[in-house]
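Notes follow the structure.
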Amino acid sequence: MAQDHRSAFRASVLLACVIICSNVLCPVGAYLYNNRYAGDQVFRITPSNDEEVQVLKTILSHMKVDFWQPNSVSLIGHNATVDVHVKRNNTRDLHARLKQEHIDYRVFISNLQKEIEKQTGYRSSRKRRSESHYDYEVYHSLEEIQSWMFEMNRTHEDLVDMFSIGKSYEGRPLYVLQLGKRSRLQKKAVWIDCGVHAREWIGPAFCQWFVKEAINSYQYDSVMRRLLNQLNFYVMPVFNVDGYHFSWTTDRFWRKTRSKNHKFHCRGVDANRNWKVKWCDEGASSHPCDDTYCGPFPESEPEVKAVAKFLRKHKKRVKAYISIHAYAQMLLYPYSYKYATIPNFNCVESAAHSAVTALYSAYGVRYRYGPASTTLYVSSGSSIDWAYRNGIPYAFAFELRDTGYYGFLLPESLINPTCTETMRAVKAIASGLLKKCETNRERFPYI
């Protein structure tokens, strides 16, 4: 009888450990998203002329694929690479069709499941203690990031203030950290958001890195000290909290907001197509199942609405808007929705040049920079166009590493160099705000 009790006790302990692992230590469930990506591949396809572009659009339109670059089939152009994630059941067919049409391609990732495992490994060993033991060189869950934000606010109250600007579609708080030396003066401000698209994990990693470096270097870095004394930084580590949580627990390559089904049996909106500027025009989709779905109306997403409301309220002080994305190694500024030159082009171009030069100085990584419409592609409803329209003279979107070898699966070993170089770029942009290159606000156009 005693033996039976001991056996039952051991079994209950083992079951408890499994439950704890599945809910706390192993947030993606057996680490592998239930092996859902085994055999999936990522193709890099390069159509060389307009005829091949049309053929490729036809092929991919009739095949269920996940677009990595560009975001949708409508944005495919000749001599521009197309990165697509293809389910294992369709890989053989796509190989055959591309060979038949003589379209140049190669397989970047031959087994997506293995690359996911290599990106983060097993998560049970993550450090979850105090801020002093927080590991900035691994990717963190939403719960870990928000706990870290509370800790930073508690331990650095002379430089940090934490607040919520609203709630997400699923009711999660939208937290922001304000960095800067307290002052009675109305200081200029910089807005930085990360994690707009759920699968771009390097974004939230950078926002955390930025906060850590800004605070830790305040005492010995004269540039950072000057910036924090004269500017405020509003940092939102995870803009798309619902989508990021969903990408962490269920679908690694989820891009949009939300994670629950709604009445269209599809879910979520592209948060960077939901802004009230040329809404749902070129580069956006009105179909709820598409990755670039613009939403039922501008600012339909609570996350977008909350950020827009905050920026409108503080638009007299916010002089720079910076949104962190991945991947492409680019620094983009308005316009996104049209081919045109912004009125303060010289100032913005100079700031972008300074930023990519500072970034290059770290490890020799080259970034392209310029208007989003000509450097990347035309897209409507973007946050940088909205910010610019609303009087923020410096509006930038970073596309961080890499250029496609890892894509959205940038390894944790590259968090440090990626964030280190990007930190230099953001400091360069912020430093430029303290110099004279003013634009007459009356010249700002209605876009």
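Can you tell me how much longer the chain between S354 and S48 gets when fully stretched, taken as 0.36 nm per residue apart minus their C-alpha distance, in nm with one decimal? Display every interim value, and only then the final one.
Working: separation 306, 0.36 × 306 = 110.16 nm, distance 3.37 nm.
Residue separation times 0.36 nm, minus the Cα-Cα distance, leaves 106.8 nm.
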Summing +1 for each Lys or Arg and -1 for each Asp or Glu, what net charge is found among the other residues whose Cβ lies under 11 Å from the Cβ of C419? 0
Sum up the charges of everything whose Cβ sits under 10 Å from the Cβ of M63, counting Lys and Arg as +1 and Asp and Glu as -1, but leave M63 out. +2
Positive-pole candidate from A430, I59, S110, dipole of the chain, charges at beta carbon: A430
For the range 194-306, with all protein chains present and a 1.4 Å probe, just round the carbon and sulfur fraction of the accessible area to a whole percent. 48
Taking the Cα centre of the range 138-434 as the origin, how large is its charge dipole in debye, to the nearest 20, when only Lys and Arg (+1) and Asp and Glu (-1) carry charge on their Cβ atoms? 1080
Tell me which lysines have Cα within less than 25 Å of K427's Cα, excluding those fewer than 8 residues away on the same chain? K181, K187, K188, K212, K313, K315, K316, K319, K435, K436
Using 0.36 nm per residue, how much length does the chain from D135 to V223 gain when fully extended, once their Cα-Cα distance is taken away? 29.2 nm
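If each residue of separation counts as 0.36 nm, what is the full-extension length gain between N216 and Q178 once their alpha-carbon separation is subtracted?
Numbers: separation 38, 0.36 × 38 = 13.68 nm, distance 1.52 nm.
Length gained between N216 and Q178: 12.2 nm.
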How many nm separate the modelled label positions at T91 and L185, each set 7 Å beyond the Cα in the direction of the Cβ? 5.9
Ranked order, Y293, Y175 - accessible area, probe 1.4 Å, largest first: Y175, Y293
Label-point separation in nm, S147 to S361, each point 7 Å along Cα→Cβ: 3.8
Sorting F210, S361, L179 by the position of each Cα along the dipole of the range 138-434 (Lys, Arg +1; Asp, Glu -1; all at Cβ), the one nearest the positive end of that ordering is L179
Could you run the Karplus curve 6.51 cos²θ - 1.76 cosθ + 1.60 with θ = phi - 60° over the range 225-236 and give me ³J(HN,Hα) per residue in whole Hz, x for Gly and Pro? 4, 5, 5, 6, 6, 10, 10, 10, 10, 9, 10, 10
Once phi for every residue in the range 151-167 is put through the Karplus expression 6.51 cos²θ - 1.76 cosθ + 1.60 (θ = phi - 60°), the whole-Hz ³J(HN,Hα) values, with Gly and Pro written as x, are 5, 4, 5, 6, 9, 9, 5, 6, 10, 10, 9, 10, 8, 10, 9, x, 10
Going by amide H atoms built from the backbone, whose H comes under 5 Å of the H on A189, apart from near neighbours? N232, V318, K319, A320
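Less than 9 Å Cβ to Cβ from R199, Lys/Arg counted +1 and Asp/Glu -1: what total charge do the surrounding residues give? Each step should come with its number before you reach the end.
On the way: positive: R252, R255; negative: E200, D251.
Residues close to R199 contribute a combined charge of 0.
Based on the alpha carbons, how large is the Rg to Rh ratio for the range 35-117 when Rh follows Kirkwood?
0.95
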Using the C-alpha atoms of the range 138-434, what convex hull volume per residue, in cubic angstrom, is computed? 120
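Given a Förster radius of 51 Å and the C-beta distance between N34 and H314 as r, what FRET efficiency does 1/(1 + (r/R0)^6) yield to the nearest 0.05? The partial results should precede the final answer.
Numbers: r = 43 Å, r/R0 = 0.85.
Computed FRET efficiency for N34 and H314: 0.70.
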Could you give the dipole magnitude of the range 249-408 about its Cα centre, charging the beta-carbon of Lys and Arg +1 and that of Asp and Glu -1, in debye to the nearest 20? 680
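For the range 35-117, with only Lys/Arg (+1) and Asp/Glu (-1) charged at the beta-carbon, what is the dipole magnitude about the Cα centre, in debye rounded to 20?
Values: 11 positive and 11 negative charges, 70 e Å.
With Lys and Arg at +1 and Asp and Glu at -1, about 340 debye.
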Please list, or write none, the lysines whose alpha carbon is within less than 25 Å of the alpha carbon of K64, excluding same-chain residues fewer than 8 places away. K87, K99, K114, K256, K260, K263
Over the chain, with the other protein chains present, what is the accessible area per residue in square angstrom, probe 1.4 angstrom? 44
Put a dot 7 Å past each Cα toward the Cβ at C437 and S110; how far apart are the dots in nm? 4.7
Per residue of the range 244-252, in order, report the coupling 6.51 cos²θ - 1.76 cosθ + 1.60 (Karplus, θ = phi - 60°) as ³J(HN,Hα) in whole Hz, putting x for Gly and Pro. 4, 4, 5, 5, 7, 9, 10, 10, 4
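The values are calculated or read from the model by the stated rules, or taken from the named source; none is laboratory data. Note that the structure is a prediction, hence the values are computed from the model and not measured. Every residue, glycine as well, gets a Cβ built from its backbone with ideal geometry; the counts of neighbours run over all protein chains shown. These area figures cover heavy atoms from the full protein model, side chains too; ligands, DNA and RNA do not enter into them. Shrake-Rupley method; radii C 1.70, N 1.55, O 1.52, S 1.80 Å.
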